Amino acid sequence: MSGGPKDKLILKSTYALLLFGVPNRGIEIASLATMVSNQPNEELLRNLGPNSHLLPELEREFTRIFGSYQDSKVLSFYETKKTPTVQV
């Protein structure tokens, strides 16, 4: 695990972690891409897309670090209704 002693203490002391709106499998970015074209946050949006190279790496790191504690458990909840997005 990376991080200093303080980081490790925080992780060891964590009982639960709730993450809301985390697109860990990627999101469809086509309808949003024109809004951020040539802007500083364009790269961020591309990193959240379904073909992202960053998201699988973040998932591997999370699993490696969080899964190293034997009593850790990850429960996933997600919305099944489609959310309206920006229309161009």
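The values are calculated or read from the model by the stated rules, or taken from the named source; none is laboratory data. This is a predicted model, so every value here is computed, not measured. Counting neighbours? That spans all protein chains shown, and the Cβs are built from the backbone with ideal geometry, glycine included.
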Practice prompt. Within the stretch 7-50, track down each residue that is over 27 Å from L75 (Cβ atoms) and not aliphatic (A, V, I, L, M).
Written response: S31, T34, S37, N38, Q39, P40, N41, E42, E43, R46
Worksheet item: Condition test on E57, is it within 14 Å of L11 (Cβ to Cβ), at pLDDT 75 or above and either under 14 Å from the mean Cα position of the chain (by Cα) or among the β-branched types (V, I, T) (or both)?
Response: no
Fill in: Scope the stretch 12-38; condition in a loop (DSSP other than H, G, I, E, B) and in contact with a Leu (Cβ under 9 Å, 6 or more places away or on another chain); matching residues
P23, N24, R25, G26, I27, I29
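Quick one: count up the residues across the stretch 55-78 that are polar (S, T, N, Q), in a loop (DSSP other than H, G, I, E, B) and without any contact (Cβ under 8 Å) to a residue 12 or more places away in the chain.
Here the count works out to 3.
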Practice prompt. State the number of residues belonging to the stretch 1-11 that are loosely packed, with under 10 Cβ neighbours inside 10 Å and part of a loop (DSSP other than H, G, I, E, B).
Written response: 2
